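Here's the structure, in structure tokens; my notes come after.
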Amino acid sequence: MARRKANPTAARDALIFEIAQRHLFLETLETRNRDRLDFHDTAVWAIRSALVAAYEAGRRSAETTTPQS
């Protein structure tokens, strides 16, 4: 049985959505064409927390994909 390759775009999008939910308390990242649904007031500490989470996810990803010499 052939193994399927993981879709890196899907994995990236899932991680971005998880960060948005956990740190920014967003239900979706889809455009809903309603100002009250598409624009949010967000505290700076929540934005910082989300950015730190995204940075750390990128750092971890680079560590696991960089070949050791």
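For the stretch 8-29, name all the residues that are of a type in the set (S, T, N, Q), in a helix (DSSP H, G or I) and under 20 Å from T42 (Cβ atoms).
Let us first name the residues in the stretch 8-29 that are of a type in the set (S, T, N, Q), namely 9, 21, 28.
With in a helix (DSSP H, G or I) added as a condition, the list becomes 9, 21.
Correct list: Q21 only.
Just to verify a result, which residue in the stretch 30-45, among those that are charged (D, E, K, R) and outside any helix (DSSP H, G or I), is farthest from the chain's Cα centre (by Cα)?
Among those residues, the one meeting the criterion is R34.
Quick check on this structure: which one of R48, R60 is modelled with pLDDT under 95 and not in a loop (DSSP other than H, G, I, E, B)?
R60
The values are calculated or read from the model by the stated rules, or taken from the named source; none is laboratory data. Because the structure is predicted, anything quoted here is derived from the model rather than measured. A quick note on method: Cβ atoms are made from the backbone with ideal geometry, for glycine too, and the neighbour counts reach across all protein chains shown.
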